[in-house]
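Worksheet: one structure, shown below.
The values are calculated or read from the model by the stated rules, or taken from the named source; none is laboratory data. Here the structure is a predicted model, which is why all the values come from computation and not from measurement. Glycine gets a Cβ as well: all are built from the backbone with ideal geometry, and neighbour counts include every protein chain shown.
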Amino acid sequence: MRHALTMALQGYEGALVVISHDRHLLRNTVDQFYLVADGQVQEFDGDLKDYQNWLKNFSRVEAIEVPKVEGIPIDKKVSRQQSADERKKLAPLTKKIKRLEAGLEKLQRQLKLVEAQLAETDIYNDDQKDQLKKSLSDQADIKRNIGTIEEDWLQCQDSLENI
């Protein structure tokens with residue numbers, strides 16, 4: 001399959017970006033190499049051997065420049081600590097969002113039940129007027145509560161996004 005892919009790419013007349021770890025494929029199909037490093041893309045002046053040397057030196061420079069504490073690069077340790085601090089800061093808000101979502105689901109189930117009752121034709125008989133009034137009142141209350149919870153949920157989501 002690798003040979004068939006190599007032949008197909010060699011015969012292709014257009015431009016193509018190939019991303020691969022397969023050195024054989026790259027050696028036989030690629031005319032230009034591009035380097036993606038440090039948040040930039042630039043043309044790489046060299047072949048795979050030159051890239052391998054560049055990679056060794058780049059890794060060595062990174063290892064020298066990043067001080068370590070307890071065997072962990074400080075950047076990673078600081079990053080993990082910052083992530084943990086952010087999670088702690090967000091925890092009350094995410095808890096409230098989950099609580100609101102649970103309440104919303106419960107109200108939506110109740111609304112389905114009330115609306116199922118209102119869909120029954122028997123509830124509109126004269127002897128069921130009290131039940132009809134109660135069901136309509138329950139429906140209005142549930143819808144109002146759903147609206148309130150949705151507004152709270154949206155505010156919490158906005159706050160979460162702004163943090």
Checklist outcome for this item: Of (1) of a type in the set (A, V, I, L, M); (2) within 30 Å of R87 (Cα to Cα); (3) at pLDDT 95 or above, I146 satisfies every one except (3)
Checklist entry - Is there any pair linking a residue in the range 78-96 that is surrounded by 10 or more Cβ atoms within 10 Å (Cβ to Cβ) to one that is at pLDDT 80 or above and not charged (D, E, K, R), with Cβ under 7 Å and at least six apart or on different chains, and which? => result L93/C156; L93/S159; K96/C156
Checklist entry - Taking R80, is it at pLDDT below 85 and either farther than 30 Å from Q10 by Cβ or not assigned by TED's automatic domain parsing to the domain that holds G14 (or both)? => result yes
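Results for (1) over 34 Å from the mean Cα position of the chain (by Cα); (2) at pLDDT 95 or above; (3) assigned to a helix (DSSP H, G or I), shown as yes or no for each residue.
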site: K95; (1), (2), (3): no, no, yes
site: K98; (1), (2), (3): no, no, yes
site: E101; (1), (2), (3): no, no, yes
site: E105; (1), (2), (3): no, no, yes
site: Q110; (1), (2), (3): no, yes, yes
site: D122; (1), (2), (3): yes, no, yes
site: K129; (1), (2), (3): yes, no, yes
site: L136; (1), (2), (3): yes, yes, yes
Next on the checklist: Restricting to the range 1-28, give me the number of residues that are in a helix (DSSP H, G or I) and loosely packed, with under 10 Cβ neighbours inside 10 Å.
Outcome noted: 3
